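Working notes, beginning with the structure itself.
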Amino acid sequence: MKNKGFPALAFLFLLSLACSLSEPTPVPIGPAPTASLPEPSSPARPGGSYQVTGTGLDGSSYEGSLYIEEWGEVYWLEWEVGGASYTGTGILTGDVLSVGWDAGGTCGVVSYRVLPDGSLEGTWSVCGEDRVGWERAVPLRSGPSAEGRGVLRPL
């Protein structure tokens with residue numbers, strides 16, 4: 001009497017041996033994702049008029065105004081603080097506006113972070129100093145005045 005189960009057993013043995021010698025193939029557990037992650041929102045582009053408040057190198061507080069204009073690949077800035085005028089040129093990289101400024105023989109730098117609401121916050125210093133000041137600039141927007149003309153006020 002012939003054993004009819006032997007060929008089936010031999011086949012299963014050889015199949016299991018072949019499977020154990022080969023590399024496992026990953027089995028997908030679902031469809032490949034087609035949607036990509038959303039791009040991070042780009043920061044607000046600085047520009048226009050701002051109200052500034054800050055702390056000087058000596059720790060004193062100050063207030064003033066700032067005007068920013070995009071000019072090609074750079075930004076032109078003009079501050080009026082404490083009766084003095086300052087002008088600067090800046091470069092926007094990501095959400096950081098880096099500016100070199102001058103005030104009639106006094107030079108300095110400021111590094112602002114551009115916040116989602118368009119405000120700027122950063123630190124600054126004067127050439128040759130070993131301390132920093134802090135500044136916040138809040139964008140101004142136009143609004144109707146009592147006479148019906150536009151007036152600038154903080155956002």
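Only the coordinates and a few stated rules stand behind these numbers; no lab work does. Keep in mind the model is a prediction, meaning the values are calculated, not measured. So basically every Cβ, Gly included, is an ideal-geometry build from the backbone, and we count neighbours across all protein chains shown.
So here's what we get for this one:
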quantity	calculated
Label-zone membership for region 74-110, site residue 126, 7 angstrom Cα→C-beta point, backbone N under 20 Å	78-89, 99-110
Long-range HN-HN contacts of residue 103 with modeled amide H, under 5 Å	none
Convex hull volume per residue in cubic angstrom - Cα atoms of region 72-116	84 Å³
5 angstrom amide H check on residue 140, placed H, neighbours 5+ away	49, 50, 51
For residue 118, distant residues with modelled amide H under 5 Å away	44
³J(HN,Hα) computed for each position of region 66-80 - Karplus, 6.51 cos²θ - 1.76 cosθ + 1.60, integer Hz, glycine/proline x	9, 10, 10, 9, 6, 9, x, 8, 10, 10, 9, 10, 9, 9, 10
Length gained when the stretch residue 136-residue 44 is fully extended (0.36 nm per residue, less Cα-Cα span)	31.6 nm
Gain on full stretching of the segment that runs from residue 96 to residue 84 - 0.36 nm per residue minus C-alpha separation	1.8 nm
